[in-house]
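The values are calculated or read from the model by the stated rules, or taken from the named source; none is laboratory data. The structure displayed is predicted, hence computed values, not measured ones. Here the Cβ is made from the backbone with ideal geometry for all residues, glycine too, and neighbour counts use every protein chain on show.
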Amino acid sequence: MNRIDLDGQVAVVTGGAQGIGFAIAQRLVASGARVSLWDTNAALLADAVADLGEAASSQTVDITDLAALGRAHADTEAAVGPVSILVNSAGVAGNNAPLDEYDPDEWRRVVEINLNGTFYVNRTVVPSMKARNYGRIVNISSVAGKEGNPNLSAYSAAKAGVIGLTKSLGKELAKHDIAVNAITPATAKTRILETLTPEFIDYMLVRIPRGRFLEVEEAAAMVAWLVSKDNSFTTASVFDLSGGRTTY
């Protein structure tokens, strides 16, 4: 494993208690960063922090609660230091259903977490990054945000919105040495698979030319470079992690 130099950096990883978020936190800690995991599951957070060691801390917070996010950010900066890295990994897949049968309440829930939650977290963290004229942000979208997945319209729409948000914010912050990029992973081996039907899992797998799902460590490797000082020019961009399913 190449060691990206993140010495002295403080990172926030939402959804960091498990899955891709936890793998990213592991890679950031291995690269020298101190990491605060933000998640709603206190028990999983405790286990994750124990696994990561003294470089990790946590905040039990709901990313759809803007006021709570403000408190979590203030507490993190007071206890750990100025946040220079943000990775927005928290998200849910939502139900599988055709759009004409999709429950409107479930639609609102999925969009609120995946898209609005990403906005709320960025809205909370960006001002202090601007004040310091430095930051690195990665918003985790999905291949579904590029192509759309049938029977997953809420998730696809929300993740497409994350791509648009990233492009807009990256342009806004370019002159502040704040890079804002997105990654678009194909399905990874995480607990999110438990919410999907076997038929839908097969549908996604056969469309990946690599012939397998994404390993979370592969996503973490890409993110580690994107949040480093080595990424001094690229912003408002989307990086593919689809195993060849999409290449744009």
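Within region 5-14, is even one residue part of a loop (DSSP other than H, G, I, E, B), of a type outside the set (Gly, Ala, Ser), surrounded by 20 or more Cβ atoms within 10 Å (Cβ to Cβ) and at pLDDT 95 or above?
yes
Filter region 188-226 for residues that are touching a helix residue (DSSP H, G or I) at 6+ places or on another chain (Cβ under 7 Å) and at pLDDT 85 or above and give the result.
PHE213, VAL216, GLU217, ALA219, ALA220, ALA221, VAL223, ALA224, listed by residue number.
Can you run down the residue pairs with Cβ atoms below 9 Å, 6 or more apart or on separate chains, where the first is in region 104-126 and without any contact (Cβ under 8 Å) to a residue 60 or more places away in the chain and within 17 Å of ASN151 (Cβ to Cβ) and the partner is β-branched (Val, Ile, Thr) and in a helix (DSSP H, G or I)?
ASN114/VAL162
Please find, within region 227-248, the residue that is surrounded by the most Cβ atoms within 10 Å (Cβ to Cβ) out of those that are farther than 13 Å from ILE183 by Cβ and touching a helix residue (DSSP H, G or I) at 6+ places or on another chain (Cβ under 8 Å).
Within region 227-248, the match that is surrounded by the most Cβ atoms within 10 Å (Cβ to Cβ) is THR235.
Check region 236-247 and report whether any residue there is modelled with pLDDT of 95 or more and among the β-branched types (Val, Ile, Thr).
yes
List the number of the failed condition for ALA220; all other conditions in (1) touching a strand residue (DSSP E or B) at 6+ places or on another chain (Cβ under 6 Å); (2) within 25 Å of ARG34 (Cβ to Cβ) hold.
Unmet for ALA220, out of (1) touching a strand residue (DSSP E or B) at 6+ places or on another chain (Cβ under 6 Å); (2) within 25 Å of ARG34 (Cβ to Cβ): (1).
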